[in-house]
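Each remark here refers to the structure printed beneath this line.
The values are calculated or read from the model by the stated rules, or taken from the named source; none is laboratory data. From a predicted model like this one, the values you see are computed outputs, not experimental measurements. Cβ atoms come from the backbone with ideal geometry, glycine included; neighbour counts cover every protein chain shown.
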Amino acid sequence: MLDIPGLPVGELETRFVQFADGVLGRMEVGVGLDPELPEGAKFVTEEVYEELRATLREQHDARVAEMLAAEKDARRQQYEDLVAASIPEATARALSGHGGPLDDDPLLTGAGS
């Protein structure tokens, strides 16, 4: 809480905001005060805020899983290309990273194998 000498601070309440670009925010404001928001931003209820946050989190997690899977596929392809070029398997694994930590990631395999 901001404490400015001589400025009385009354009771605070949490307000939830959705900005025009989809970013979410929360702020503490004095009860009964209606702060000015940037163009396109709007106040939302806590329930809407939590629903939007959950949706954003799900989208983020899905995107991260896609990126990790693409990285794993790229490492596998690099490994296969190196082996096809007569590079020894151990060297191909070391150069490509195939068979390394990403292959043990439970997010990608679903089993942690």
Hey, does the stretch 65-86 have a residue that's within 30 Å of residue 20 (Cβ to Cβ), in contact (Cβ under 8 Å) with a residue 12 or more places away in the chain and either hydrophobic (A, V, I, L, M, F, W, C) or surrounded by 11 or more Cβ atoms within 10 Å (Cβ to Cβ) (or both)? yes
Spot the failing condition for residue 78; the list is (1) assigned to a loop (DSSP other than H, G, I, E, B); (2) farther than 30 Å from residue 28 by Cβ, and only one is missed. (1)
Working carefully through the options 28, 47, 66, find the one that is part of a strand (DSSP E or B) and out of contact with any Lys or Arg (no Cβ under 6 Å at 6 or more places or on another chain). 28
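To keep it simple, each residue is scored yes or no on (1) under 30 Å from residue 98 (Cβ atoms); (2) at pLDDT 95 or above.
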residue: 36; (1), (2): no, no
residue: 59; (1), (2): yes, yes
residue: 62; (1), (2): yes, yes
residue: 69; (1), (2): yes, no
Matching option when the condition is under 21 Å from the mean Cα position of the chain (by Cα) and at pLDDT below 95, among 22, 10, 30: 22
